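Below is one structure; the comments refer to it alone.
The values are calculated or read from the model by the stated rules, or taken from the named source; none is laboratory data. These numbers come from a predicted model, not from an experiment. Glycine gets a Cβ as well: all are built from the backbone with ideal geometry, and neighbour counts include every protein chain shown. For accessibility, only protein heavy atoms count, side chains too; no ligands or nucleic acids. Shrake-Rupley method; radii C 1.70, N 1.55, O 1.52, S 1.80 Å.
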Amino acid sequence: MKNVKQLVITMTMAATTKASFRHVPLAQDARCLTDGVALVPCFVNVFTSRPTDDSRDSSPVVIMPWIGFGTYKLGQSKAREAVLQAFEAGYRHIDTAFIYSRQRTEIAVGKALQETNLRRQDIFVTSKHWRTYHGYDPSWECLNLSLERLQLNYLDLWLMHWPGPAWKKRSNNKTDGVDDEESNGEVNNPWRDADSQARNSIDMQQLRTETWRAMEDAYLQGKVRAIGVCNFSLPQLEALVEQCRIQPMVCQVEYHPLCAQQQLPLLQYCQEQGIIVQAYASLGGQDTSAEQWEAVLGQQQEQQQLASRHENDSPTAPPPTTLLTSPPVTKLARALNYTPAQILLRWALEQNCVILPKTSHWERLRENAQVLDCSMTPNQVAQLSEELRNQVIDTLIDTNNCDDDEESKERRLQELTRLCWRGDRFRLLDF
């Protein structure tokens, strides 16, 4: 499938949608919130895993804005108002999911979609299939529920949210929509908490293929205008491409400077295949605890010095450094006269990644949109990743949090710098 990129470049733009989105192939060239990238279906010959000769010239081109508005953890109470504020600020790309806020965010987003004066074709809506619905028929059920909640006839983009299985129970007592059951004594079986439909990696790959078949059919029937995946590793994505009729058009993954080196092979593969990468958790994610930040980046240096000078007067420990307050980010922000958030968002755009910042504050909505007026050189992009990686290594050494050998250090680096899904028991399972 090495000629996919050429097919994208040479395809006709005559079939573009009637929406007010402008096709801008490179994120660096985007100038407004309606500038986006073309999502063109690539139909694959299942016998050769190569694109067919007419793979990209029979369907209308879908334009996905380079900057979207995320709704994770907004909750039902804030999501409706936040989405309407985002529309007022010029955002037209809304990213949500079936599972957000215990399946309530889609309902709030749907209310906002009904209240806005914008035309449906001028809004790009993404939602995500949830893992308790893996399999062909359950996937259709999941899609229909999402459409009902959003009060829509179709989605612009439907993503497979998670490549692995649902679990039966979790240690924090949160359920995944599956009844709690005993593990039948399978203490040493890492799959003991998985949904009974998937008891090993082979089962899971087959189940995932059935989910994707339902997503392909939903696309062919016009229920969704584009399909893709989320949280896939490179081997998982490669395996899916080998089995699919329609190649994923989008791959949404955690991507920020801390995990840049770890995710680089996946990004390179997507670029070669013509798959657009969406970066989430660009600012470090919302699930990272203070303890985790301290393990990754240490304490804020200025606060640490202040605490040492006034040890008897300060009953609280100095706060940990976060991605937004880390010295490499704040130093570059001062040098370029940007905010730390703009530095991190622009870092992803410079690598041709769609970004999905989330906020319920009007000032930050505008600040995030102004990243289109920012720029960074390739050297600044690479240097930021390298300096942050070195800071993590220094923190590991200072806290004696890894062994001396390089293999152990790299394994610990990868574990620490993936900040999301940390409470999920299947996070590191090979499926």
Exercise. Looking at (1) open to solvent by less than 70 Å² (accessible area, probe 1.4 Å); (2) modelled with pLDDT of 95 or more, find the lone condition where Leu220 falls short.
Key: (1)
Quiz item: If you scan the range 100-124, which residues turn out to be touching a Lys or Arg at 6+ places or on another chain (Cβ under 7 Å) and outside any helix (DSSP H, G or I)?
Solution: Ile123, Phe124
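Quick check: is even one residue across the range 303-315 farther than 19 Å from Trp162 by Cβ, modelled with pLDDT under 95 and in contact with a Ser or Thr (Cβ under 6 Å, 6 or more places away or on another chain)?
The initial filter retains those residues of the range 303-315 that are farther than 19 Å from Trp162 by Cβ, namely 303-315.
After this cut, where a residue has to be modelled with pLDDT under 95 as well, the list is 303-315.
Of the ones still in play, those that are also in contact with a Ser or Thr (Cβ under 6 Å, 6 or more places away or on another chain) are 307.
Yes: the range 303-315 contains one or more residues that are farther than 19 Å from Trp162 by Cβ, modelled with pLDDT under 95 and in contact with a Ser or Thr (Cβ under 6 Å, 6 or more places away or on another chain).
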Quiz item: With Leu413, Leu428, Leu349 as the choices, which residue is at pLDDT 90 or above and either under 21 Å from Leu267 (Cβ atoms) or open to solvent by 20 Å² or more (accessible area, probe 1.4 Å) (or both)?
Solution: Leu349
Exercise. Can you run down the residue pairs with Cβ atoms below 9 Å, 6 or more apart or on separate chains, where the first is in the range 199-219 and outside any helix (DSSP H, G or I) and the partner is of a type in the set (Gly, Ala, Ser)?
Key: Asn200/Ala194
Self-check item: Positions within the range 257-300 being among the hydroxyl-bearing types (Ser, Thr, Tyr) and more than 22 Å from Lys128 (Cβ to Cβ), in sequence order
Solution: Ser289
Quiz item: With respect to Pro163, is the statement that it is touching a helix residue (DSSP H, G or I) at 6+ places or on another chain (Cβ under 7 Å) and either at pLDDT below 95 or part of a loop (DSSP other than H, G, I, E, B) (or both) true?
Solution: yes
Practice problem: Given the conditions (1) at pLDDT below 95; (2) out of contact with any helix residue (DSSP H, G or I) (no Cβ under 6 Å at 6 or more places or on another chain); (3) of a type in the set (Ser, Thr, Tyr), report the number of the one that Thr321 does not fulfil. | Solution: (2)
Quiz item: Out of the residues in the range 53-90 that are modelled with pLDDT of 95 or more and polar (S, T, N, Q), which is nearest to Pro248 (Cα to Cα)?
Solution: Thr71
Practice problem: Give just the number: which of (1) over 29 Å from Ile94 (Cα atoms); (2) part of a helix (DSSP H, G or I) does Ala348 not satisfy? | Solution: (1)
Quiz item: Can you spot a residue in the range 326-341 that is surrounded by 24 or more Cβ atoms within 10 Å (Cβ to Cβ) and within 22 Å of Ile276 (Cβ to Cβ)?
Solution: no
Quiz item: Which pairs have Cβ atoms under 8 Å, sit 6 or more apart or on different chains, and link a residue in the range 381-393 that is farther than 15 Å from Pro340 by Cβ and modelled with pLDDT under 95 to one that is small (Gly, Ala, Ser) and buried (at least 16 other Cβ atoms within 10 Å of the Cβ)?
Solution: Arg389/Ala260
Quiz prompt | Lone qualifier among Gln271, Gln252, Gln247 - being open to solvent by 10 Å² or more (accessible area, probe 1.4 Å) and in contact (Cβ under 8 Å) with a residue 60 or more places away in the chain | solution = Gln271
Self-check item: Scope the range 372-400; condition polar (S, T, N, Q) and open to solvent by 50 Å² or more (accessible area, probe 1.4 Å); matching residues
Solution: Ser375, Thr377, Asn379, Gln383, Asn390, Thr399, Asn400
